[in-house]
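Data first, discussion second: the structure below is written as C-alpha cells.
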Amino acid sequence: MSQTLTPPARSAEASPVAPAAAPPDPGLQALAEQYGLTVSGARPPLREYTRRLWARRHFIASFATARLTATYTTARLGQLWQVMTPLLNAGVYYLIFGMLLHTDRGIPNFIPFLCTGIFVFTFTQSTVLAGTRAVSGSIGLVRALHFPRAALPVAHTLIQLQQLICSMGVLAAIVLICGVPVTWHWLLMVPALLLQSVFNTGLALAMARIGAKTTDTAQLMPFVLRTWMYVSGVFYNLSTFTSSAPHLVSVVLNCNPALIYIDLMRYALIDTVRAQDLSPHVWPLALGWALLAGAAGYVFFWKAEEEYGRG
C-alpha cells in the first residue's frame, strides 16, 4: 500500500526573519558629541556652509587660475585662444548673419553690436556648460577631499569670468577701430558685468547639481543654449520682431536675462545704443535676475551637498 509523504510543517519559530537594523549606540553618540565629532560629509546649515565656502576663497581663486592655465598648455598659441575663439565666432556669425542674411540693416555699428552680443552671451554659455560638468568632472577630488562642493561651480564661473576680462580688451579695441568714441557710459560695464557674474554663478550651481545626477545633461545643454542664443538678439535687433509680436510674447522676450545683460553691455560700449532702445526697467530686471538666480541656485545646490560623490 503506497503512502504519500508530506513535508513536516515549518514552525513559526523557524521562519526566516530579516535582521533588524542595529540601533545607534547611545554611548557612541554621547562620546561623539563630547568631542565635537560629526557625520562625515553631513550638510551643515546654510550660514555655516557659506562661512566655510568663504574661508576657501583663496583655494577657489587658485583652482580657477590653475585650470585656466592648464586648458591651453597643449596648444601652440596658448592662452591667445581665449581671445581668438570669440573673434572667430564673431567672424563666422558676421559672414552668415551680416553678409548673407543681412540682419545688419538698420543697425548702426553692426560689428561692435555683433561682437558685444557674442562675447557677453559666450560668458553665460560657457559658464553653464562648465557648471554642468563641475562636479561630475571632478569626482576624484570630491571623493578625496572634504570641502564645500559649491567651490567647484563657483571656480568654473571664475574661470569664464577671467576669460571674458581678457576678451574685453579685444572687444574695446574693436569698438574703437569701428569709430565708436569712449564715453562715461563705459563705466557701466562694471555693474553690468558684476550682475551677470552673479546670475551665471547661480546657473552654474543649479546645473552642477543636475549634471551630477544626470550625466546626459551635458550632451543636451549645447542644443538648449543654442536655442537660447537665437532668441536673445545676439545677431539682430530683437525689437524689430517684438514690436509686431503679441504682447505676452514681447514681454517674455524682453525679460530674457541673456538679452538684458547683452543690452546693458551694448548701451555701455556703443554710443548709438540709446536708453530708449533698451528693454523697459532693464536695470531692475538685471538686478532681479541676478538675485533670483544666485540665491535659488545656491540653495538648490546646497540641498544636495551630502549626495555629491556618493555613487
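For segment 93-207, the helices (runs of 4 or more DSSP H) that sit wholly inside it and include 2 or more residues that are at negative phi, touching a helix residue (DSSP H, G or I) at 6+ places or on another chain (Cβ under 9 Å) and of a type outside the set (A, V, I, L, M, F, W, C) are 110-132, 151-177.
Condition check ((1) modelled with pLDDT of 90 or more; (2) under 20 Å from the mean Cα position of the chain (by Cα); (3) closer than 23 Å to residue 46 by Cα) across all residues:
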residue: 96; (1), (2), (3): no, no, no
residue: 99; (1), (2), (3): no, no, no
residue: 108; (1), (2), (3): no, no, no
residue: 122; (1), (2), (3): yes, yes, no
residue: 125; (1), (2), (3): yes, yes, no
residue: 148; (1), (2), (3): yes, yes, yes
residue: 158; (1), (2), (3): yes, yes, yes
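Entry remark, segment 203-217: residues being of a type in the set (A, V, I, L, M), more than 20 Å from residue 143 (Cβ to Cβ) and open to solvent by 40 Å² or more (accessible area, probe 1.4 Å) number 1 in total. Kindly establish whether residue 251 is open to solvent by 30 Å² or more (accessible area, probe 1.4 Å), free of Cβ contacts under 8 Å to residues at least 12 places away in the same chain, not in a loop (DSSP other than H, G, I, E, B) and not acidic (Asp, Glu). So residue 251 passes the test.
Can you say whether residue 225 is touching a residue at least 60 places away in the same chain (Cβ under 8 Å) and not in a loop (DSSP other than H, G, I, E, B), as far as the supplied structure shows? For residue 225, the condition - touching a residue at least 60 places away in the same chain (Cβ under 8 Å) and not in a loop (DSSP other than H, G, I, E, B) - is met.
Among the criteria (1) over 19 Å from residue 303 (Cα atoms); (2) open to solvent by 30 Å² or more (accessible area, probe 1.4 Å), the one residue 136 does not fulfil is (1). Scanning segment 258-293 for residues that are assigned to a loop (DSSP other than H, G, I, E, B), touching a residue at least 40 places away in the same chain (Cβ under 8 Å) and open to solvent by 40 Å² or more (accessible area, probe 1.4 Å) returns 271, 272.
Being open to solvent by 20 Å² or more (accessible area, probe 1.4 Å), among the small types (Gly, Ala, Ser) and assigned to a helix (DSSP H, G or I) is true of residue 296. Of the residues in segment 45-68, at least one is surrounded by 13 or more Cβ atoms within 10 Å (Cβ to Cβ) and at pLDDT below 85.
Close contacts from segment 153-174, counting a first residue that is closer than 21 Å to residue 297 by Cβ and a second that is modelled with pLDDT under 85, with Cβ to Cβ under 6 Å and a gap of 6+ residues or different chains, come to 159/68; 162/68; 163/82.
The values are calculated or read from the model by the stated rules, or taken from the named source; none is laboratory data. A quick note: this is a predicted structure, and the numbers were derived from the prediction, not measured. Virtual Cβ from ideal backbone geometry, glycine too; neighbours counted across all protein chains shown. The protein model used for the area step is the full one, side chains on, heavy atoms only, and it has no ligands, DNA or RNA in it. Shrake-Rupley method; radii C 1.70, N 1.55, O 1.52, S 1.80 Å.
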